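Q: Can you keep this structure in mind? I'll have questions shortly.
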Amino acid sequence: MVRFARGFQKALPLGLMILAAACDSRFPLTEWPIEDQTVEHEIGNSGGEFQQYTGAPYFHEGIDIRDEDAPAGPWVINVREGTVTTVVENPGSLYNGVIVTASDGDQYVYWHLVDIQPDVDDAFNNGTVLPAGTQMAQLVTWTACTYHHLHYEVADAQGSREPILTIAPREDLTSPIVIWVSLVENATNTVMPNNAIGLPIVSGEVDIVAHAYDTQFGAARTGVLELRWFVEDTSNNVVVPEVVMSFRDIPPDSAAVDAFRNSAPFDSDSNYCATENYYYVPTNVDASGAIIADATGSWDTTTLANGTYFVHVTAEDQWGNDFTLIRQVTVDN
């Protein structure tokens with residue numbers, strides 16, 4: 001049996017929205033880093049999302065804000081006063097950008113730019129402060145699937161943060177989705193067998209693989225901000241406490257192979273041309289929320305008596321919208 005609890009959504013007045021956002025983040029709240037700064041823009045890729053173009057998998061460290069390219073497109077705007085610590089501008093390159101460091105050490109990264117403006121170069125060359133609100137550049141013409149976008153990151157001494165947490169306005173009323181939850185043998189893609197009516201029979205060390213995604217102010221599928229799981233018995237007693245896999249802070253790239261499955265039939269993939277599949281492994285998180293090695297993390301079903309249980313997996317976004325999928329399983333050790 002599969003039980004669904006769909007789309008718990010919350011809408012607050014703007015003042016409370018801004019307060020909630022400010023309380024959530026260790027960074028000062030800013031407007032959007034692209035015109036119009038006072039409206040939401042479509043997010044094509046999120047922070048902490050699975051990426052693999054060449055080489056090993058890694059986490060996307062920022063958000064991709066989609067819009068029109070130059071010369072008709074919007075200006076990219078510096079959101080906080082600071083020192084321009086990096087300017088990269090090579091003719092014809094897709095990878096030009098600017099990094100601005102605020103007085104408190106927070107870094108703001110703006111990438112995939114074209115025609116970086118003289119004010120930015122002057123501040124960089126002269127060591128002067130670049131004011132907030134400065135028009136810095138426009139978006140380069142992206143050659144893959146017309147995916148014109150600003151790649152935007154925020155970071156401090158603790159590391160990179162999911163940037164959408166630092167931006168207002170961002171009233172998101174759409175819930176993420178958990179498409180399906182599979183129960184597999186620990187550290188493998190071997191699906192546990194089903195009984196005669198199609199319900200999983202689990203034993204030993206088990207991994208949960210959750211196929212999930214979110215959408216943020218558009219149609220593109222992104223990663224989810226948080227996934228959590230726990231197990232109940234038939235009397236609604238929690239028998240395995242809730243554990244949370246969070247991407248509020250971007251994990252180290254080395255953890256990507258443990259946070260996601262990346263081979264058939266659970267082949268995580270994300271690219272510029274609308275291929276977006278994310279197969280999370282929330283059992284690879286310890287009680288502190290740290291992502292742990294695939295072979296180490298699991299649900300040890302041997303701690304429970306044989307019988308019927310319900311596995312809850314919930315995806316939640318930056319605004320508290322959530323979606324829960326519940327799978328009935330039989331423990332048979």
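The values are calculated or read from the model by the stated rules, or taken from the named source; none is laboratory data. What you are looking at is a predicted structure, and each value in this text was computed from that prediction instead of being measured. Note: ideal-geometry Cβ built from the backbone for every residue, glycine included; neighbour counts use all protein chains shown. Just the protein is used for accessible areas: all its heavy atoms, side chains included, with ligands, DNA and RNA removed. Shrake-Rupley method; radii C 1.70, N 1.55, O 1.52, S 1.80 Å.
Q: Once label points are set 7 Å from the Cα along Cα→Cβ at both Thr85 and Val239, what is their separation, rounded to one decimal in nm?
A: Once both label points are built, they end up 5.1 nm from each other.
Q: Oh, and also: Using a probe radius of 1.4 Å on heavy atoms only, what accessible surface per residue do you get for region 189-313? Whole Å² is fine. Kindly include the intermediate steps, with their values, before the conclusion.
A: On the way: 4970 Å² over 125 residues.
In whole numbers, region 189-313 has 40 Å² accessible per residue.
Q: Which net charge results for the neighbourhood of Val109, defined as the other residues with beta-carbon distances under 13 angstrom from its beta-carbon, given Lys and Arg at +1 and Asp and Glu at -1? Intermediate values should be presented prior to the final figure.
A: Numbers: positive: Arg80, Arg161; negative: Glu61, Asp64, Asp106, Glu153, Asp156.
Net of charged neighbours comes to -3.
Q: Here is a follow-up. Working only with C-alpha atoms, what are the Rg and Dmax values of region 179-326, expressed in angstrom?
A: 15.1, 47
Q: How big is the antiparallel share of DSSP beta bridges in the chain, given as a percent to the nearest 5?
A: On the way: 85 of 88 bridges.
Percent antiparallel among DSSP bridges in the chain is about 95.
Q: So if R0 is 22 Å, what FRET efficiency would Asn126 and Ala72 give, r being the distance between their Cβ atoms, rounded to the nearest 0.05?
A: On the way: r = 31 Å, r/R0 = 1.42.
Efficiency for this residue pair is about 0.10.
Q: Less than 14 Å Cβ to Cβ from Thr141, Lys/Arg counted +1 and Asp/Glu -1: what total charge do the surrounding residues give?
A: Numbers: positive: Arg66; negative: Asp67, Glu68, Asp69, Asp115.
That sum, taken over residues with Cβ under 14 Å, equals -3.
Q: Next question. Kindly state, to the nearest 0.05, the FRET efficiency for Ala219 paired with Ile179, given R0 = 25 Å and r defined as their beta-carbon distance. Could the numbers behind the result be given before it?
A: Working: r = 16 Å, r/R0 = 0.64.
Rounded to the nearest 0.05, the efficiency is 0.95.
Q: Turning to a different aspect of this structure: Working only with C-alpha atoms, what are the Rg and Dmax values of region 86-205, expressed in angstrom?
A: Both quantities, over Cα of region 86-205: 22.8, 74 Å.
Q: How long is the gain from Thr296 to Val191 if the chain were fully straight, where each residue apart is worth 0.36 nm and the alpha carbon distance is subtracted? Before the final figure, lay out each step's value.
A: Numbers: separation 105, 0.36 × 105 = 37.80 nm, distance 1.82 nm.
So the extension gain works out to 36.0 nm.
Q: Compactness ratio of region 271-320: Cα Rg over 2.2 N^0.38 Å, N = residue count?
A: Details: Rg = 15.1 Å, N = 50, 2.2 N^0.38 = 9.7 Å.
Output field value: 1.55.
Q: If you don't mind, another one. Share of region 36-137's accessible area from carbon and sulfur, percent, 1.4 Å? Write out the running numbers ahead of the final one.
A: Values: 2050 of 4370 Å².
The computed percentage sits at 47.
Q: Between Asp267 and Asn333, what is the label-to-label distance in nm when each label sits 7 Å out along the Cα-to-Cβ direction?
A: If labels sit at Asp267 and Asn333, their model points lie 3.5 nm apart.
Q: With every protein chain left in place, what is the accessible area per residue of region 62-145 in square angstrom, probe 1.4 Å? Spell out each step's value before the answer.
A: Working: 3720 Å² over 84 residues.
Per residue, region 62-145 has 44 Å² of solvent-accessible surface.
Q: Could you tell me the center-to-center distance, by alpha carbons, between region 257-333 and region 149-170 in angstrom?
A: Between the Cα centre of region 257-333 and that of region 149-170, the gap is 25 Å.
Q: Take the Cβ-Cβ distance between Asp119 and Thr143 as r, set R0 to 22 Å, and report the resulting FRET efficiency rounded to the nearest 0.05. Numbers along the way, then the final one.
A: On the way: r = 28 Å, r/R0 = 1.27.
Plugging the Cβ-Cβ distance into 1/(1 + (r/R0)^6) gives 0.20.
Q: Oh, and also: In whole Å, largest first, what are the principal axis extents of the Cα atoms in region 172-252?
A: 42, 29, 25
Q: Ok, one more. Which value, in Å³ per residue, describes the convex hull spanned by the Cα atoms of the chain?
A: That works out to 137 Å³ per residue.
Q: Place a point 7 Å from the Cα of Thr275 along the Cα-to-Cβ direction; which residues of region 45-68 have their backbone N under 12 Å from it?
A: Correct set: 52-54.
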